[in-house]
Amino acid sequence: MVLVAALAGVVGYLLAAPDDEPPAAIPADLSSQQPAPERVTVTAAPAPSASPPEASTTVTPVGDRGNTTVGDLGLPIPLTRPACDGRGIVVLYLAVTPGDYAQEIASALEQYPGASYLRTDMACPSLRQRDENGNIIYAVYRPSGYSKQELCSDVRSAGSTAYGRWLDTTSDPSVLVTC
């Protein structure tokens, strides 16, 4: 667009110039004339607080019924991506069979009212990212507290097949929380 405007200006000048004056020189390569780069101001984000996370940490739904996103199974309860802030979760059910994820997770959410679900490879690195066959893992879970005592109490209340995990960036995903 700039090139066209510049060329139009030069042609207009040449046509309007008196016959007794020699025409001005036309640059050989108008494309080499680049506009000056814009100035961009970057503001640094504030440093994270060193205080411990509050107990009211919320889980962010990734999609809703009318607007699914990557990983969301289109269920009435949307996929969540909880913060990797050190909170514990009680894992109630895992689905690892491609093609059956939606049905399995819907059934588990019905069995565990108030529970949420996540996709482990889209969550914290403290969760195992794939199963031994390379399949993605969906987990139905309930949030717990930030202490081992709180987490273990919630695991015991959930039943014999439940187990605990930490949502953080440092815990080994191959090691379960022992209660």
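Tabulated results
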item: Flag if Gln111 is touching a residue at least 12 places away in the same chain (Cβ under 8 Å) and exposed (fewer than 13 other Cβ atoms within 10 Å of the Cβ); result: yes
item: Flag if Val155 is at pLDDT 95 or above, of a type in the set (Val, Ile, Thr) and surrounded by 15 or more Cβ atoms within 10 Å (Cβ to Cβ); result: yes
item: Residue within the stretch 125-132 that is over 18 Å from Leu167 (Cβ atoms), surrounded by fewer than 18 Cβ atoms within 10 Å (Cβ to Cβ) and in contact with a Ser or Thr (Cβ under 7 Å, 6 or more places away or on another chain) present; result: no
item: Selected residue (criterion: farthest from Val140 (Cα to Cα)) from residues of the stretch 162-172 that are within 20 Å of the chain's Cα centre (by Cα) and either aromatic (Phe, Trp, Tyr) or loosely packed, with under 14 Cβ neighbours inside 10 Å (or both); result: Thr170
item: Condition met for Arg119 (within 19 Å of the chain's Cα centre (by Cα), farther than 21 Å from Arg156 by Cα, among the charged types (D, E, K, R) and surrounded by fewer than 19 Cβ atoms within 10 Å (Cβ to Cβ)); result: no
item: Failed criterion for Val175 (all others in (1) touching a residue at least 12 places away in the same chain (Cβ under 8 Å); (2) closer than 21 Å to Asp85 by Cβ hold); result: (1)
item: Pairs, first more than 18 Å from Leu118 (Cα to Cα) in the stretch 132-157, second of a type in the set (D, E, K, R) and modelled with pLDDT of 95 or more, C-beta under 6 Å, six or more apart; result: Tyr146/Arg87
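The values are calculated or read from the model by the stated rules, or taken from the named source; none is laboratory data. Remember, it's a predicted structure, so these values are computed and weren't measured experimentally. FYI the Cβ positions are ideal-geometry reconstructions off the backbone, even for glycines, and counts take in every protein chain you see.
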